[in-house]
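> My questions will all concern the structure given below.
The values are calculated or read from the model by the stated rules, or taken from the named source; none is laboratory data. The shown structure was predicted, so the numbers you read here are calculated from the model rather than taken from an experiment. Here Cβ is always computed from backbone atoms with ideal geometry, including for glycine, and neighbour counts include all displayed protein chains. The area values use the complete protein model at the heavy-atom level, side chains included, leaving out ligands, DNA and RNA. Shrake-Rupley method; radii C 1.70, N 1.55, O 1.52, S 1.80 Å.
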Amino acid sequence: MTKPSLLYIFTDQQRADTMACYGNHDIDTPALNALAGGSFVFENAYVSQPVCSPSRATMLTGLYPHTARVPACNVPLPEDVRTIAEMVDPACRRAYFGKWHLGDEIFAQHGFSEWTGSEDSYRRFYSSTDRHEHLSDYHHFLIDQGLEPNTESLGQPVFSRHFEAGLEAPLTKAAFLGDRAADFIRGVGQDRFVACVSYLEPHPPHTGPFDDMYDPDQLSVGPHFMERPGTDASMLNRVMAAYYSESEEYGFDLRTEAGWRGVRARYCGNVTLVDRSVEVILRALSECGRAEDTIVIFTSDHGEMAGDHGILGKTVLYEESVRVPLILRVPGLSSRQTPIAGNISHIDLVPTLLDLMDEPIPDHLQGVSRTGVLRGEESLDQNDVYIQWNGADGHPRPGEAEVNPAMATPWRTIVTADRWKLNLSNHDTCELYDLNTDPYEQSNRYLDPSTQERVSEMKSRITAWQKSVADTVPLPS
C-alpha cells in the first residue's frame, strides 16, 4: 500500500468554539463541518504557548517552545531544529503556503522546497538586508490585479494588512492561498506530498469581505462575555481586561457592548472567509482522487478571547486563548465524525502524523504518537497537557505598553486529565480552575483551603514535566 500524503491546514487565532462540531451554530462553516463529518474531532486540544511563533514551532517540530528555541514571537526557528518536512521521505513533494512567522517569511526553508509566501509584515525580522528587496507572492498577485501598494516597508512599497483586509473575497489572502494550494494538488499528480497551508485569518485586523455577514446582536455569548476578572485573578488577566475594556480597537468602542459585539461579528466573518478557502482545497483533493490517500489535519496556532473576560486577542491562559480546534481525517480510519474525549496537546501532532504516514519517529521529539487512540486501542483519559508562557514576548502591539509589564513574567500551566487547570507564576497571582464546574474560569480556587492538596499534587506534576523536558523556568515552591 502506498504511504499516505499529508495536507496540514492551520489558521491563526481561531478558538475551538467556532464550528458546529464544537457547538457553535452561529458561524457558517460548511467546508469545515463536512471535514469534521468524516474525521476524528478532538474535544480538548491545546497549544504549547498562546502566541504565534512559539506555537507554530511546536506544531511543525514536535518540540516545546523552549526546546525549539522559539520562546517568543518573531524569533526565527534555528537552522538545526528540524520541521516535519525535514523528517519525511525526501522523495515527497514538500510545499508551504502562507504565513510562516518563524524567520525569513517568504523564502523556501526547513525542508520545504516549494513555497508560496503571503506576508510582508515581518520584513524587519529577515536574516539579512539583501532579502528586503524581495516581496511575497501575494504582493505580486495583487500587483497583477492592477492594485497599487499603499505604504512602505524598509524601502519597498507594500500593501498594509488593513488594505488587504478591505479587498473583495476573491482577492483576499485566504482566497489566494486556497487557489494556490488547490493548483498544487491538481499539479502534483500521483506524487506523494506534504503540503502545509497556513492562513493569517481570523487574526487581526478584524475586518474583511464578510464584515456584515453576522448580526452582532444575535451572536451567542457566555456569562463571562465582557466580565472583567475579579481581584482573585492574576495581574496579567486584570491588566489585559482593564486595558481593552477602556479602549477603541479596529474602529469599535470597547467600553460598550455594541463595540465588543461588533469586533466579534467581524471575527466570525473571517472564520467563514477561511472556510470558503478550505472548501476550494478540499474540492481539489477530492476531484483529483487524492482524498483517499491523503491525511488531512485542521487546527490553529492559538485562540482569541473576542471579549470574553473583557479581553481581546490571545497571550493569556484562559481556555478561549489556549484551546483550539483539532480535526484529523485519516483514510481507512475515519469515515464519520468521531469525537475523541480527553486532553491532547499540539506537542503530539508531529509524532502522530509521522506515524500515520508510516515514517520513522525521531527520538528527540517531546510528544508521542496518538495513533493508538485513533484505532481505539488507547484513550486520552489519563492525559495531562502542559502550556507555557515565556514572558517578555513583545505583545501586544506598539501603543499598548501599559500591558507589557504584566506579560513579562513566565507561566507554566497544567490541564489535568480530570479537567482542572493550574496556572503558576513566580511573580503573579497563581490560579486554579475547576473546568468541570467552572468552564468559564470565573472562580480562582488557588487559595481555597479545600484545594490545597490538589494544588500541591498538580505542582508536583508540573515539576516532573519540567524535569522531563529540561525546562528550567523557576516556579513557586
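> For the stretch 295-338, which positions are of a type in the set (V, I, T) and at positive phi? Full working, then the answer.
From the stretch 295-338, those of a type in the set (V, I, T) are 295-297, 299, 311, 315-316, 322, 324, 327, 330, 338; that's our starting set.
Selection gives T315 alone.
> Looking only at the stretch 110-131, count how many residues are without any contact (Cβ under 8 Å) to a residue 12 or more places away in the chain and buried (at least 18 other Cβ atoms within 10 Å of the Cβ).
0
> Hey, among the residues in the stretch 52-75 that are among the aliphatic types (A, V, I, L, M) and modelled with pLDDT under 95, which one's least open to solvent (accessible area, probe 1.4 Å)? So that I can check it myself, show each step before the final result.
Initially, the stretch 52-75 is screened for residues among the aliphatic types (A, V, I, L, M), giving 57, 59-60, 63, 68, 70, 72, 75.
From what's left, modelled with pLDDT under 95: 72, 75.
Working: A72: 14, V75: 42 Å².
Applying the filter and picking the extreme gives A72.
> Follow-up. Residue pairs, Cβ under 7 Å, 6 or more apart or interchain, first in the stretch 207-231 and touching a residue at least 60 places away in the same chain (Cβ under 8 Å) and open to solvent by 50 Å² or more (accessible area, probe 1.4 Å), second in a loop (DSSP other than H, G, I, E, B) and acidic (D, E). List them.
S220/D26
> In the stretch 82-96, which residues are in a loop (DSSP other than H, G, I, E, B) and crowded, with 20+ Cβ neighbours inside 10 Å?
The first filter runs over the stretch 82-96 and keeps only residues in a loop (DSSP other than H, G, I, E, B), leaving 82-83, 87-92.
Across the stretch 82-96, the qualifying residues are R82, T83, M87, V88, C92.
> Something else now. Can you confirm whether D301 is touching an Asp or Glu at 6+ places or on another chain (Cβ under 6 Å) and either surrounded by fewer than 24 Cβ atoms within 10 Å (Cβ to Cβ) or farther than 22 Å from L374 by Cβ (or both)? Lay out the reasoning, then the answer.
Values: touching an Asp or Glu at 6+ places or on another chain (Cβ under 6 Å): yes; either surrounded by fewer than 24 Cβ atoms within 10 Å (Cβ to Cβ) or farther than 22 Å from L374 by Cβ (or both): yes.
So D301 fits the description; yes.
> Answer with yes or no whether R255 is basic (K, R), modelled with pLDDT of 95 or more and part of a loop (DSSP other than H, G, I, E, B). Break it down into steps so the answer makes sense when it comes.
On the way: basic (K, R): yes; modelled with pLDDT of 95 or more: yes; part of a loop (DSSP other than H, G, I, E, B): yes.
Against the criterion (basic (K, R), modelled with pLDDT of 95 or more and part of a loop (DSSP other than H, G, I, E, B)), R255 qualifies.
> With R186, R276, R283, R180 as the choices, which residue is open to solvent by 30 Å² or more (accessible area, probe 1.4 Å), closer than 25 Å to S53 by Cβ, part of a helix (DSSP H, G or I) and modelled with pLDDT of 95 or more?
Values: R186 fails: closer than 25 Å to S53 by Cβ; R276 fails: closer than 25 Å to S53 by Cβ; R283 fails: closer than 25 Å to S53 by Cβ.
Every option except R180 fails the conditions.
> Please note which helices (runs of 4 or more DSSP H) are completely contained in the stretch 315-415 and include at least 1 residues that are within 15 Å of Q49 (Cα to Cα), within 22 Å of the chain's Cα centre (by Cα) and modelled with pLDDT of 95 or more.
Details: elements: 319-322, 349-356, 371-374.
Once the helices (runs of 4 or more DSSP H) in the stretch 315-415 are filtered for at least 1 residues that are within 15 Å of Q49 (Cα to Cα), within 22 Å of the chain's Cα centre (by Cα) and modelled with pLDDT of 95 or more, what remains is 319-322, 349-356.
> Of the residues A306, A265, A291, A241, which is among the hydrophobic types (A, V, I, L, M, F, W, C), in contact with a His (Cβ under 8 Å, 6 or more places away or on another chain) and crowded, with 16+ Cβ neighbours inside 10 Å? Reasoning before the result, please.
Details: A306 fails: in contact with a His (Cβ under 8 Å, 6 or more places away or on another chain); A265 fails: in contact with a His (Cβ under 8 Å, 6 or more places away or on another chain); A291 fails: in contact with a His (Cβ under 8 Å, 6 or more places away or on another chain).
It is A241.
> Count, please, the residues in the stretch 132-173 that happen to be open to solvent by 50 Å² or more (accessible area, probe 1.4 Å), in a helix (DSSP H, G or I) and modelled with pLDDT of 95 or more. Let's see the steps before the verdict.
Our first condition is that a residue be open to solvent by 50 Å² or more (accessible area, probe 1.4 Å); within the stretch 132-173, this holds for 133-134, 137, 140, 143-146, 148, 150-152, 154-155, 157, 162-163, 166, 168, 170.
So of that shortlist, the ones also in a helix (DSSP H, G or I) come out as 133, 137, 140, 143-144, 162-163, 170.
Filter once more, so that each one left must be modelled with pLDDT of 95 or more: 137, 140, 143-144, 170.
Number of matching residues: 5.
> Return only the number of the condition from (1) under 24 Å from the mean Cα position of the chain (by Cα); (2) closer than 30 Å to D212 by Cα; (3) not in a helix (DSSP H, G or I) that G111 does not satisfy.
(2)
> Separate question: Checking L447 against (1) of a type in the set (A, V, I, L, M); (2) surrounded by fewer than 18 Cβ atoms within 10 Å (Cβ to Cβ); (3) within 26 Å of the chain's Cα centre (by Cα): exactly one of these is not met. Which one?
Condition not satisfied by L447: (3).
> Moving on. Within the stretch 10-41, can you find the residues that are in contact with a Leu (Cβ under 9 Å, 6 or more places away or on another chain), surrounded by 24 or more Cβ atoms within 10 Å (Cβ to Cβ) and not in a loop (DSSP other than H, G, I, E, B)?
Residues satisfying the conditions are T11, L35.
> For the stretch 42-56, give me each residue that is in a helix (DSSP H, G or I) and touching a residue at least 60 places away in the same chain (Cβ under 8 Å).
Filtering the stretch 42-56 for residues in a helix (DSSP H, G or I) gives 52-56.
If the condition is that a residue be in a helix (DSSP H, G or I) and touching a residue at least 60 places away in the same chain (Cβ under 8 Å), then C52, P54, S55, R56 are the ones that fit.
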